[in-house]
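**Q** Attaching a single structure in structure tokens format; questions to follow.
Bear in mind that the values in this text are calculations on the coordinates, not laboratory data. It should be emphasised that the depicted structure is a prediction, and the values quoted were computed from it without experimental measurement. Heads up, the Cβs are rebuilt from the backbone with ideal geometry, glycines too, and the neighbour counts pull from every protein chain shown.
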Amino acid sequence: MSQPEFTCEVRVVYVPEQSQPPDGPFAFAYTVTIRNSGSIAAQLVARQWLITDANGQQEEVRGLAVVGHQPLLKPGESFEYTSGTRLATPYGSMRGTYFCMTEDAQPFEAPVPEFQLVFPGLLH
């Protein structure tokens, strides 16, 4: 039986022109590459993010699509987009889930492993 599977990679950059150190906010852009590593075509329908700052404050973001798109990916295809977030603290983390659907309406989830958001001024 064919199995749906999306794998996700994330790259993060600090956005100094949208940040106000040392008190914040601290802005970060993240680029996500979503690849259909399964054997059947499937569509990304919705997303959920959990954003945690250095104080343990959590924000949950849910919504349909990513940057206005619900890409349909055939096996081997990928979709890349860039979005952003702001933190009140100089570091934090994000993790998420993409909610996806195969062409024959079989739902599945694609986890986005936790990644760090770190103000470069913290690195010594």
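**Q** Go through the stretch 102-124 and give me each residue that's without any contact (Cβ under 8 Å) to a residue 60 or more places away in the chain, under 30 Å from residue 72 (Cβ atoms) and touching a strand residue (DSSP E or B) at 6+ places or on another chain (Cβ under 9 Å).
**A** 107, 109, 114
**Q** Can you pull out every residue in the stretch 41-65 that is outside any strand (DSSP E or B), touching a residue at least 24 places away in the same chain (Cβ under 8 Å) and under 24 Å from residue 89 (Cβ atoms)?
**A** 54, 55, 57
**Q** Still on this structure, please answer the following. Looking at the stretch 8-20 only, could you name the residues that are in contact (Cβ under 8 Å) with a residue 60 or more places away in the chain and exposed (fewer than 15 other Cβ atoms within 10 Å of the Cβ)?
**A** Of everything in the stretch 8-20, those that are in contact (Cβ under 8 Å) with a residue 60 or more places away in the chain and exposed (fewer than 15 other Cβ atoms within 10 Å of the Cβ) turn out to be 15, 18.
**Q** Quick check on my filter: what residues within the stretch 73-98 are hydrophobic (A, V, I, L, M, F, W, C) and crowded, with 16+ Cβ neighbours inside 10 Å?
**A** 73, 79, 87, 94
**Q** Restricting to the stretch 21-48, what's the tally of residues that are under 22 Å from residue 101 (Cα atoms) and either crowded, with 18+ Cβ neighbours inside 10 Å or in contact with a Leu (Cβ under 8 Å, 6 or more places away or on another chain) (or both)?
**A** Qualifying residue count for the region: 12.
**Q** Quickly run through the stretch 83-124 and pick out the residues that are over 24 Å from residue 57 (Cβ atoms) and part of a strand (DSSP E or B).
**A** 99, 100, 101, 102, 107, 108, 109, 110
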